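Just so it is clear, none of the values below were taken in a lab; they were calculated from the coordinates. Every value quoted in this text rests on a predicted model; they were computed, and no experiment measured them. Neighbour counts run over all protein chains shown; Cβ positions are idealised from the backbone, glycine included.
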């Protein structure tokens, strides 16, 4: 969602887990449009919409929903939403386009900031681990239907290069750590929006692989990591912290993951094995450099 907003010249949205929190924020701030998740826990989505309109009757609201129900959409429009967008593949781009249309451009200042009221996200998913951050990147790559991806960790986040299915030339994407809370909030749910990426190397897409690789990077206290997708393998490299002569020293490592290696770590992740399982021969080959 954040990437889609940025590509349309929009500021990153402010995320809230409840309507109460959004209402409290609106008492002190102004915004151009509200994205309201119909699927919030415990409270009916239309009731949340009514509460917002009671306090901000002129605030444009776009409702997002994973419910494949025409009745829900009709009820939402009758309740006064500007648009109703199902959470289907590519919906983030549709949302950004509609937000850009609704927000008026102020020639004397920046665009008003949108807000997002979304489902609650667990504290575990908010931790800035490699597993969590790479999972978010993988989800965005799957939704955008990218190919031939390379990822580099840089100061303040990650740079990603990949080719979208509907473009010929590669694109550069930026995933900043400062945007991570918003990114994880809008990608924590909505499995229906993810496009499957069939293939021998990545049978279930980037999200599953990057999440599994991220866990292994966390286990060895990695830093300065990079990843590159080749024709028949995925190359991962960086620095790992290991004990050496009574102090911790960073040592370069390199993993060459072929289709069988990837299948193994995906199966391992699915079975939720222990954090340090035995690796099969050939998996995670480390090349130490002096």
Please rank 241, 87, fewest neighbouring Cβ atoms within 10 Å first, as an exposure proxy. 241, 87
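At a Förster radius of 51 Å, what calculated FRET efficiency corresponds to the Cβ-Cβ distance of residue 249 and residue 97, to the nearest 0.05?
On the way: r = 50 Å, r/R0 = 0.98.
Approximately 0.55, to the nearest 0.05.
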Could you rank the peptides 15-26, 133-144 by their average count of other C-beta atoms within 10 Å per residue, with the highest value first? 133-144, 15-26
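Can you sort 216, 100 from fewest to most other Cβ atoms within 10 Å of each residue's own Cβ?
Listing 216, 100 from fewest to most nearby Cβ atoms yields 100, 216.
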Theoretical gain in end-to-end length, residue 239 to residue 204 [0.36 nm per residue, Cα-Cα removed]: 9.9 nm
Note down the Stokes-Einstein diffusion coefficient of the stretch 2-117 in µm²/s, whole number, using a Kirkwood radius over alpha carbon pairs, 37 °C, and 0.692 mPa s. 228 µm²/s
Gain in length, residue 165 to residue 267, computed as 0.36 nm per residue apart minus the alpha-carbon separation, to one decimal in nm? 34.0 nm
If packing is taken as the average count of other Cβ atoms within 10 Å, what order do 168-179, 146-157 fall into, highest mean first? 146-157, 168-179
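Using Cβ counts within 10 Å as a stand-in for footprinting exposure, how do 215, 55 rank, fewest first?
Numbers: 215 19, 55 12.
Result, fewest neighbours first: 55, 215.
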